[in-house]
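Read the structure below first, then the notes.
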Amino acid sequence: MRRALAWSVAAAACAALGACSLAPAYHKPDLTLPPAFKEAPASAGAWAPAKPADDVLQRGAWWKSYGDPLLDSLEGQIDASNPTLAQALARYDQAKDLVGEAAASLFPTIGAVAQPTTNRQSNERPLRPPGSGADQYDANAAYLSGSYELDFWGRIRNLVASGQAQAQAGAADLATLRLSLEATLADDYIQLRSLDDEAAVLNDSVTAYGRAEQLTRDRYEGGAGTKLDLTRAQTQLASAKAQAADIAGQRALYEHAIATLAGQAASGLSIPAASLRLTLPTMPAGVPATLLQRRPDIAAAERRAAAANAQIGVARAAFFPTISIGALLGYQNAGQAGLFSAGNTYWTLGPNAALTLFNGGYRRAVDAAANAQFQQASAAYRAQVLQAIQDVEDNLALLHTLADEADQQALAVQAASQTEALALTRYREGAVNYLEVTTAQEANLQSKQAALSVQARRLQASVNLIKALGGGWDSADLPRPPPLTASLF
């Protein structure tokens, strides 16, 4: 009762001014952010806290920072050809059109009617007096009608505000999807190039293992070696060839995935083999608060909270009368000529007020649901911000640890190569059996494969960090609500 009385008093005051809004004043959901990223100390090198005016990545085309023209070309095809992105763009266009649909109610509705009719009344019409007139008659009418709802309580304006916020959320969703597709393509491209490098390493190993197998065969046939040595060499060679075939299959799958992301048929794209030569980009991580401007998914969550806040105003407006003005002006006669003469004019003009007096608590339930929806949207916004901070921290940590791992793995490759060479030399001299050679060869191949994996993971972590930071997107990119103008149709 107290709430209803308060709203009634507020409504009366607003009516005196002509119009008001019953939606609560909107504020972004509160969230305490840390002052800095834990995994981005000043010693982090390229991935360091941002300084004023830091703007290293190109806005939009962030992938150009990797310095690969083919990657640039493939990424550029996403906007033009990717059907998933086209679907999201159509959804955004639909959201914009729904705003126009809601905004149309801010303007009068005007219609025109022409109604020439021939009529017959029943002989047995109830309460018809005998001899009350012809059973069959004509009636002609032509008139203009108009109606206009006075938005005293802000119902329509809050519907429009909610629709505008939803449309902005749709634009942010579109940017989120575009960034996700771009990052996925970059990840797949890095993996494909890493497989090219691994294939080259395996091909070199197959060549080396072939020479070693021939050496063991010659020694065996000359009586200096054993059958065991020969079969070990043959096993090593066949295993390397099998791995090379598996790599070729994996590469084909990544090539097909890249084609689909670029909006092409998988059978229509062929990417020549090449070494992974992407440059690890330099980009400041900034501070956690910048994610609120950089991440389109955060912007979408915030806009949905604003839309839910406006819906509270819509729900509260249902507690008050709907007030409108109706008008009608036209001509009417009994089917004779001269319909549009002055004597056949008629008109009506007047206000209309409608208020539901009892509906079993429906309006209160709608109001409570609108408030709950706002709380849900606010919680979703906070969750999105926390997830964004985790995404950045995760990939900063990966970059730091993978950099150390890459240094150690390079030393491992160098040592394993020396071990393999020494083992092969000692085998030629008869100082060791071939088991030591195969063990050294396997360790050398695995160390090289591990080094390639670390290189690819570092680049992929950098892509994922760029994605986590918004990829150069900014909340200023959100479309501003257009001015409300009337349309004839």
query: Hey, among the residues in the stretch 396-424 that are within 15 Å of Q455 (Cβ to Cβ) and free of Cβ contacts under 8 Å to residues at least 24 places away in the same chain, which one's farthest from the chain's Cα centre (by Cα)?
result: L411
- request: Can you tell me which residue among A200, A141 is surrounded by fewer than 21 Cβ atoms within 10 Å (Cβ to Cβ) and farther than 17 Å from E442 by Cα?
  value: A141
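If I filter the stretch 329-370 down to residues being among the polar types (S, T, N, Q) and in a loop (DSSP other than H, G, I, E, B), which single residue comes out as nearest to R316 (Cα to Cα)? Talk me through it step by step, then tell me what you get.
Just the residues of the stretch 329-370 that are among the polar types (S, T, N, Q), to begin with: 332-333, 336, 341, 344-345, 348, 352, 356, 359.
Next, from what is left, pick out any that are in a loop (DSSP other than H, G, I, E, B): 336, 341, 356, 359.
Working: Q336: 52, S341: 48, T356: 13, N359: 15 Å.
If we take residues in the stretch 329-370 being among the polar types (S, T, N, Q) and in a loop (DSSP other than H, G, I, E, B), then T356 is nearest to R316 (Cα to Cα).
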- prompt: So which of A310, A370 ends up being surrounded by 18 or more Cβ atoms within 10 Å (Cβ to Cβ), touching a Ser or Thr at 6+ places or on another chain (Cβ under 9 Å), under 29 Å from A161 (Cβ atoms) and at pLDDT 90 or above?
  reply: A310
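Here is a yes/no grid of residues against (1) touching a helix residue (DSSP H, G or I) at 6+ places or on another chain (Cβ under 6 Å); (2) of a type outside the set (S, T, Y); (3) within 30 Å of L33 (Cβ to Cβ); (4) not assigned by TED's automatic domain parsing to the domain that holds L459:
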position: F374; (1), (2), (3), (4): yes, yes, yes, no
position: L386; (1), (2), (3), (4): no, yes, yes, no
position: D394; (1), (2), (3), (4): no, yes, yes, no
position: L424; (1), (2), (3), (4): yes, yes, no, no
position: E429; (1), (2), (3), (4): no, yes, no, no
- line: Cβ pairs under 8 Å, 6+ apart or interchain, first in the stretch 84-100 and touching a residue at least 24 places away in the same chain (Cβ under 8 Å) and in the same structural domain as N158 (by TED's automatic domain parsing), second among the β-branched types (V, I, T) and in a helix (DSSP H, G or I), ordered by first then second residue, are L85/I78; V99/V160
query: Residue check: is T438 closer than 30 Å to L174 by Cβ, modelled with pLDDT under 95 and not charged (D, E, K, R)?
result: no
- prompt: When you look at Q455, is it surrounded by 17 or more Cβ atoms within 10 Å (Cβ to Cβ) and within 38 Å of the chain's Cα centre (by Cα), yes or no?
  reply: yes
task: Identify all residues within the stretch 231-284 that are charged (D, E, K, R), surrounded by fewer than 19 Cβ atoms within 10 Å (Cβ to Cβ) and in contact (Cβ under 8 Å) with a residue 12 or more places away in the chain; write none if there are none.
output: K241, E255, R277
query: Assuming G286 fulfils every condition listed in (1) within 22 Å of A476 (Cβ to Cβ); (2) in a loop (DSSP other than H, G, I, E, B); (3) in contact with an Asp or Glu (Cβ under 6 Å, 6 or more places away or on another chain) apart from one, which condition is it?
result: (3)
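In the stretch 319-344, what residues are buried (at least 20 other Cβ atoms within 10 Å of the Cβ) and of a type in the set (A, V, I, L, M, F, W, C)?
Applying the first criterion (buried (at least 20 other Cβ atoms within 10 Å of the Cβ)) to the stretch 319-344 yields 320, 330.
Within the stretch 319-344, F320 is the sole residue that qualifies.
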field: Per-region count, the stretch 211-230, residues free of Cβ contacts under 8 Å to residues at least 12 places away in the same chain, out of contact with any helix residue (DSSP H, G or I) (no Cβ under 6 Å at 6 or more places or on another chain) and under 15 Å from Y427 (Cβ atoms)
entry: 5
query: When you go through (1) modelled with pLDDT of 95 or more; (2) touching a Leu at 6+ places or on another chain (Cβ under 6 Å); (3) surrounded by fewer than 23 Cβ atoms within 10 Å (Cβ to Cβ) one by one for R193, which number turns out not to apply?
result: (3)
- line: Here, helices (runs of 4 or more DSSP H) confined to the stretch 1-118 with at least 1 residues that are modelled with pLDDT under 85 and farther than 30 Å from A266 by Cβ are 2-17
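Does the stretch 208-236 hold any residues that are of a type in the set (A, V, I, L, M, F, W, C) and part of a helix (DSSP H, G or I), and which are they?
Our first condition is that a residue be of a type in the set (A, V, I, L, M, F, W, C); within the stretch 208-236, this holds for 208, 212, 215, 224, 228, 230, 233.
Selection gives A208, A212, L215, L228, L230, A233.
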- prompt: Looking at (1) under 26 Å from the mean Cα position of the chain (by Cα); (2) modelled with pLDDT under 90; (3) in a helix (DSSP H, G or I), can you tell me which one R303 breaks?
  reply: (2)
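The values are calculated or read from the model by the stated rules, or taken from the named source; none is laboratory data. Treat the numbers as computed from the prediction; the structure is a model and nothing was measured. Quick reminder, even Gly has a Cβ in these numbers, built from the backbone with ideal geometry, and neighbours come from all protein chains shown.
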